[in-house]
Amino acid sequence: TLSGSCYNGMFQGCTSLTTISELPATTLAGDCYRSMFSGCTSLTTTPELKATKLASGCYSFMFQGCTSLTTAPELQLETLAECCYSYMFSGCTSLTTTPELPATTLSNSCYSGMFSDCISLTTTPELPAETLAEYCYQYMFSGCTSLTNTTELPATTLSNSCYSGMF
């Protein structure tokens, strides 16, 4: 269990960092791991994200601007906290695939901007949630100029701006 803002921005801007050791925490506090590796332009791999309980903003901006990252870690949780994955991979221009996004219980802004400006993505993952929270998919794929195929959007209960600027 980690305290609020734990490891926030810890390696931000470390442009020579190529690999990351294990991140063993399973219960995260607010803003934990936020921007931890943001701007690490040589980062090519990510660790397994073992958290089973998320808090507001906990993984937001974590890998933003990691321009050498080609794959993302598995994200297996089905219940998300507010802003937890927002802008997580934004600007990862070499990212070619997304992880599966199995979440069915969303919170406000949970996926907001998650893959924005990932210009190498050609497809989007399935988004199984049927009830959407405010801003949950806002700007999720904004600036993804190589997208040629998108998933179906099965949601039947929508909230304010849930799809705003998604593509």
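The values are calculated or read from the model by the stated rules, or taken from the named source; none is laboratory data. Fair warning: this is a prediction, and the values are worked out from it, not measured in the lab. No Cβ is skipped: glycine too gets one built from the backbone with ideal geometry, and neighbour counts run over all protein chains shown. Accessible surface areas use protein heavy atoms only, side chains included; no ligands, DNA or RNA. Shrake-Rupley method; radii C 1.70, N 1.55, O 1.52, S 1.80 Å.
The listed residues E22, E100 rank as E100, E22 when sorted by accessible area, largest first, using a 1.4 Å probe. For the stretch 21-78, relative contact order (Cα pairs under 8 Å, six or more residues apart, normalised by length) works out to 44 percent. The distance separating the Cα centre of the stretch 1-77 from that of the stretch 140-165 comes to 24 Å. What percent do you get for the relative contact order of the stretch 35-115 when only Cα pairs under 8 Å and 6+ apart count? Relative contact order here is 32 percent. 3J(HN,Hα) couplings calculated from phi for the stretch 107-118 with the Karplus curve 6.51 cos²θ - 1.76 cosθ + 1.60 (θ = phi - 60°) are, in sequence order, 10, 3, 6, 4, 10, 3, x, 3, 10, 4, 6, 8 Hz; Gly and Pro show x.
Ligands, DNA and RNA aside, T1 has an accessible area near 140 Å² when probed at 1.4 Å.
A crude spin-label estimate for the pair F11 and T156, with each label 7 Å from Cα along the Cβ direction, gives 4.4 nm.
For the stretch 78-167, the share of accessible area belonging to carbon and sulfur comes to 43 percent (1.4 Å probe, ligands and nucleic acids excluded). Among (i) 42, 35, 21; (ii) 46, 42, 30; (iii) 54, 46, 28, find the value of Cα extents along the principal axes in Å that was calculated from the structure presented, and write down its label. Recomputing Cα extents along the principal axes in Å here gives the entry labelled (i).
Summary value for the chain: 16 percent relative contact order, contacts being C-alpha pairs under 8 angstrom separated by 6+ residues.
With r as the distance between the Cβ atoms of T79 and S3 and R0 = 25 Å, compute the FRET efficiency 1/(1 + (r/R0)^6) and round to 0.05. Calculated value: 0.70. Using the Karplus relation 6.51 cos²θ - 1.76 cosθ + 1.60 with θ = phi - 60°, the per-residue 3J(HN,Hα) values for the stretch 74-81 come to 5, 10, 8, 6, 9, 10, 10, 9 Hz, with x marking Gly and Pro. So how exposed is C83, as accessible area in Å² (1.4 Å probe, rounded to 10)? Accessible surface of C83 is approximately 40 Å². Residue ranking by accessible heavy-atom surface, 1.4 Å probe, largest first, among T124, T79 comes out as T79, T124.
Using θ = phi - 60° and the Karplus relation 6.51 cos²θ - 1.76 cosθ + 1.60, list the HN-Hα couplings for the stretch 37-45 in order, rounded to whole Hz, with x at every Gly or Pro. Those phi angles translate into 10, 4, x, 7, 5, 9, 5, 10, 9 Hz.
Average accessible surface for the chain: 44 Å² per residue, computed with a 1.4 Å probe over protein heavy atoms with every protein chain in place. The residues packed around C83, meaning those with a beta-carbon under 13 Å from its beta-carbon, carry a net charge of -2 if Lys and Arg are +1 and Asp and Glu are -1.
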